[in-house]
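> Handing you this structure, nothing more for now.
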Amino acid sequence: MRVKRFLGKCSGYLTGIVSSSESSFAFLICLLALTLVYRVELTVGLFTSRVRPFDFIPTQHPVWFTLTLLSYDLAFVFVCFLLSLLLSRMALRSSARQSRAYPILRVSGVVFLHMVLILLLLIHGVHGRLLFDVQTGVDTSVVKEAFSGVSVVEILRLIETRDYLFLLFPFGLFWLLRVSPVGFRIWMGRACLAWMILLLSLSLSVTRNKAKSAPDEIRLNPTIFLLSDVAQNAFFEHSYKNRSPDISKEDRSGIQPIRRRGTHPREREESLPAKSSRPWNIVFLVLESVGTRYIFDRSGGNPMPMPFLRKISREGWFLRRHYTTSNVSTKAVFSLLSGHYDFFNRETLGTRPDAEVPAIHNWVGEGYDSFLVTPSSISWYFPTRFVKNSRLSEIHSYENLKFKIKEEFHSLGHYIARDEIQTVDFFLQRVSEAREPFLGIYISFTAHFPYFDYGEDYRIMEDDGRLISRYYNNLYLLDRMIHRIYDHLQERRLLERTILVILGDHGQAFGQHHPNNFMHYRYSYNENLETPAILYQPALFKPKTIGFPTSHVDILPTLLDAMRVSYPPKAFDGKSLFKNGTEREPIFFYGLEESISSLDSHLLKVQYSLKKKRCWVFDLKRDPDEKNPLDCSSYTVQAEALHKFVSDHDSNLLKYNAAVREKNGTSQPQAPVVKP
């Protein structure tokens, strides 16, 4: 009898809700359908897709795996329904049904629910796409990038027909329930309640901590994941605003980095190469997402991914411990071309309209025929403003290269990259047409996710669906392309007058240290930061392996010294590798996960999380795999030097940029000439 009375009360409450809160009830059904469709699609993708998020393969049966994660979705649906019901009751109580405000409130409530439903649809739909296309979920950094660095047109291009169907389905369901008879809604409410109780019971019974092995991006509901990340970042915003650079304190036209304390022996300058009777050609090859630890790796029984790169690394300068300045391409490419660190915060100088720091093509001289070629879209990752404002004469990218794209291998091929082989063909043709001296910059894409498959001719590993296998195959393809460029220069008798600079923009991760540490931008471990660098020209760079830590900011001054191009002693953040002291100064990095780091010549890596206000140290001599973080209390000198450098750098960079603009008399940035 008690159970009967309890069920009767529940039925009465349910009938009251369904009959008096039609919109809230329809909202509940739509949310339940949305989350179930999302979870089922995610499970199907994890079990059938060739490329899975974070290489995660569920070990349970698909049904049990779905039920394991469903509790997060059901909890989210229930909370959203309660909030909508509470708001509707509060609005109705504040206005009598007979008042004039009542219809307005009802219409406003329905409009508000539609806006919330659109937002939740976008979060779930985008999160699912990003997991498989970009190896990430919808978090704060994705939202910021979408609104700051990517145009609305570029975002709309990513929406496919199936996405529109996904967006329209819940609205059709909402109005179907909204206008249906009360009896049908009551029946639907009872069925919905029974299903939620059944699913929640099954989910809780099969969970038993099995879901904890899945990364948060997969385990949590997308909205819960986004809100948790927003909550973490909310505590950081205040300190970030307080760190905004102030360029009014001091008037300095150059940058003098603040180095760590202590006296250093006087530097010894190696004898520079003899000055050439004619200017050198330069071919600058930037290898997107190529990590040092992978290029010569044969530990899995596979052939060496980049045998030609190995060969020329022994014939020139091989920088064995070379590091990027940031784990994101925009900042890394800026440092490569300018010799400066970018900002040590999320903002990038290279994307600002007023960016006018000199680049490599400004230093080598006006007589150079300069051009840049990349199969990728420069609207997504590239410091475009900086390169255009520095007056590079030609930029050829995805946007204006009109040939085959890789859409047949991956959905993102429609939007981000042309065919790598055909783009190299175009670059070789442009080199053939170049007027000497020339500066040719090529930025590859093939080693960047999603690792397009170019067929059996470019495979050294079976295409087994693992990301690392596809990555190694694409390193092999990239090696073949470097070989082609080398052979082309040799065949046209240009190699003896050309300097080859070959290096990556940043590293790449495949689940080291954390299950979601894939690609490069989530953490600042060595796998995310280490990237190869080779300087090749037998007349300038005698075979040598450099074992101390080097940085992107060292490349430009080294290149200028090799070419005997003079520059002011404080013109760059980096230092020429022709200048050797017994102890090198530290190098620095910024991590998009909001960390700052330094690495000294003793391989002590000091890191500080701006989010968590926490410091730690890795001794890379004793702990090269970064497994045992040390307390910073024993390394206060290095930690203070890191904070000092970072606190001064951003304002100094802005002062330098302002001084260059004033010297050039620039009021508006000038665009480059882009040939079709």
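> Considering the range 466-519 alone, what residues qualify as being hydroxyl-bearing (Ser, Thr, Tyr) and over 16 Å from ALA447 (Cα atoms)?
Within the range 466-519, TYR486, THR498 meet the criteria.
> Picking from LEU428, LEU495, which residue would you name as being in contact with a Leu (Cβ under 6 Å, 6 or more places away or on another chain) and surrounded by fewer than 23 Cβ atoms within 10 Å (Cβ to Cβ)?
The conditions single out LEU495.
> Let me ask something additional. With respect to THR35, determine if the residue is touching an Asp or Glu at 6+ places or on another chain (Cβ under 8 Å) and modelled with pLDDT of 80 or more.
Yes: the conditions hold for THR35.
> Then there's this: Please return the ranges of strands (runs of 3 or more DSSP E) entirely within the range 536-607 where 3 or more residues are of a type in the set (Gly, Ala, Ser) and closer than 30 Å to ASP229 by Cα. Reasoning before the result, please.
Working: elements: 544-546, 587-591, 595-599.
By residue number, 595-599.
> Could you please find all residues in the range 566-580 being closer than 15 Å to LEU337 by Cβ and crowded, with 23+ Cβ neighbours inside 10 Å?
The answer is PHE572, ASP573, GLY574.
Results for (1) of a type in the set (Asp, Glu); (2) surrounded by fewer than 15 Cβ atoms within 10 Å (Cβ to Cβ); (3) touching a helix residue (DSSP H, G or I) at 6+ places or on another chain (Cβ under 9 Å); (4) not assigned by TED's automatic domain parsing to the domain that holds GLY365, shown as yes or no for each residue.
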{"position": "TYR536", "(1), (2), (3), (4)": "no, no, yes, no"}
{"position": "PRO557", "(1), (2), (3), (4)": "no, no, no, no"}
{"position": "ASP600", "(1), (2), (3), (4)": "yes, no, yes, yes"}
{"position": "GLN607", "(1), (2), (3), (4)": "no, no, yes, yes"}
{"position": "LEU620", "(1), (2), (3), (4)": "no, no, yes, yes"}
{"position": "ASP625", "(1), (2), (3), (4)": "yes, yes, yes, yes"}
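> Does the range 409-419 contain at least one residue that is out of contact with any helix residue (DSSP H, G or I) (no Cβ under 6 Å at 6 or more places or on another chain), at pLDDT 85 or above and either of a type in the set (Ser, Thr, Tyr) or not assigned by TED's automatic domain parsing to the domain that holds ASP487 (or both)?
no
One line per residue, one yes/no per condition, for (1) more than 22 Å from the chain's Cα centre (by Cα); (2) more than 16 Å from GLY440 (Cβ to Cβ):
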site: ALA332; (1), (2): no, yes
site: PHE344; (1), (2): no, yes
site: ARG352; (1), (2): no, yes
site: ILE360; (1), (2): yes, no
site: GLY367; (1), (2): yes, no
site: ILE378; (1), (2): no, yes
site: ARG385; (1), (2): no, yes
site: ASN389; (1), (2): yes, yes
site: TYR398; (1), (2): no, yes
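> Among the listed residues PHE296, PHE284, PHE334, PHE343, identify the single one that is farther than 29 Å from VAL660 by Cα and aromatic (Phe, Trp, Tyr). Talk me through it step by step, then tell me what you get.
Values: PHE284 fails: farther than 29 Å from VAL660 by Cα; PHE334 fails: farther than 29 Å from VAL660 by Cα; PHE343 fails: farther than 29 Å from VAL660 by Cα.
From the options PHE296, PHE284, PHE334, PHE343, the qualifying one is PHE296.
> Here is a further query. Report yes if GLY339 is crowded, with 23+ Cβ neighbours inside 10 Å, in contact (Cβ under 8 Å) with a residue 12 or more places away in the chain and under 28 Å from ARG352 (Cβ atoms), otherwise no.
Yes; evaluated as a whole, the condition is true for this residue.
> All but one of (1) touching a Gly at 6+ places or on another chain (Cβ under 8 Å); (2) part of a helix (DSSP H, G or I); (3) modelled with pLDDT of 65 or more hold for PHE81; which doesn't?
(1)
This table checks each residue for (1) modelled with pLDDT of 90 or more; (2) under 20 Å from ASN528 (Cβ atoms); (3) in contact with a Lys or Arg (Cβ under 9 Å, 6 or more places away or on another chain); (4) among the small types (Gly, Ala, Ser).
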residue: HIS602; (1), (2), (3), (4): yes, no, yes, no
residue: LYS605; (1), (2), (3), (4): yes, yes, no, no
residue: LYS611; (1), (2), (3), (4): no, yes, no, no
residue: LYS627; (1), (2), (3), (4): yes, yes, no, no
residue: VAL646; (1), (2), (3), (4): yes, yes, yes, no
residue: LEU654; (1), (2), (3), (4): yes, no, no, no
residue: GLY665; (1), (2), (3), (4): no, no, no, yes
residue: GLN670; (1), (2), (3), (4): no, no, yes, no
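> Moving on. Answer with yes or no whether TYR294 is out of contact with any Lys or Arg (no Cβ under 9 Å at 6 or more places or on another chain), surrounded by 17 or more Cβ atoms within 10 Å (Cβ to Cβ) and farther than 30 Å from LEU654 by Cα.
Yes, satisfied.
> Here's a follow-up. Here are ALA659, ALA639: which of them is closer than 25 Å to HIS340 by Cβ and free of Cβ contacts under 8 Å to residues at least 60 places away in the same chain?
Answer to the selection: ALA639.
> Select from the range 376-402 the residues that are of a type in the set (Lys, Arg) and surrounded by 18 or more Cβ atoms within 10 Å (Cβ to Cβ) and write down the one among them that is nearest to SER609 (Cα to Cα).
Taking the candidates together, the pick is ARG385.
> I've got another one for you. Step by step: first the residues of the range 452-467, then only those that are crowded, with 17+ Cβ neighbours inside 10 Å and without any contact (Cβ under 8 Å) to a residue 60 or more places away in the chain, then the one that is nearest to LEU337 (Cα to Cα). Which residue is that?
PHE452
> Can you tell me which residue is farthest from GLN607 (Cα to Cα) among those in the range 564-585 that are touching a residue at least 24 places away in the same chain (Cβ under 8 Å) and touching a helix residue (DSSP H, G or I) at 6+ places or on another chain (Cβ under 7 Å)? Let's see the steps before the verdict.
Taking the range 564-585 and keeping what is touching a residue at least 24 places away in the same chain (Cβ under 8 Å), we get 564-565, 567-568, 570-574, 577-585.
With touching a helix residue (DSSP H, G or I) at 6+ places or on another chain (Cβ under 7 Å) added as a condition, the list becomes 565, 567, 572-574, 577-578.
Working: VAL565: 35, TYR567: 32, PHE572: 23, ASP573: 19, GLY574: 20, LEU577: 25, PHE578: 28 Å.
Among those residues, the one meeting the criterion is VAL565.
> Select from the range 427-458 the residues that are modelled with pLDDT of 90 or more and among the hydroxyl-bearing types (Ser, Thr, Tyr) and list them in ascending order.
The answer is SER432, TYR442, SER444, THR446, TYR458.
> Restricting attention to the range 336-375, and to residues there that are of a type in the set (A, V, I, L, M, F, W, C) and part of a loop (DSSP other than H, G, I, E, B), which single residue is farthest from TYR608 (Cα to Cα)?
We begin by selecting, within the range 336-375, every residue of a type in the set (A, V, I, L, M, F, W, C); these are 336-337, 343-344, 349, 355, 357, 359-360, 363-364, 371-373.
Restricting the remaining residues to those that are part of a loop (DSSP other than H, G, I, E, B) gives 343-344, 355, 357, 359.
Values: PHE343: 16, PHE344: 12, ALA355: 28, VAL357: 28, ALA359: 30 Å.
Per the stated criteria, the residue is ALA359.
The values are calculated or read from the model by the stated rules, or taken from the named source; none is laboratory data. On a predicted model such as this, the values are computed, not experimentally measured, just so you know. All Cβ positions, glycine included, derive from the backbone under ideal geometry; neighbour counts span all protein chains shown.
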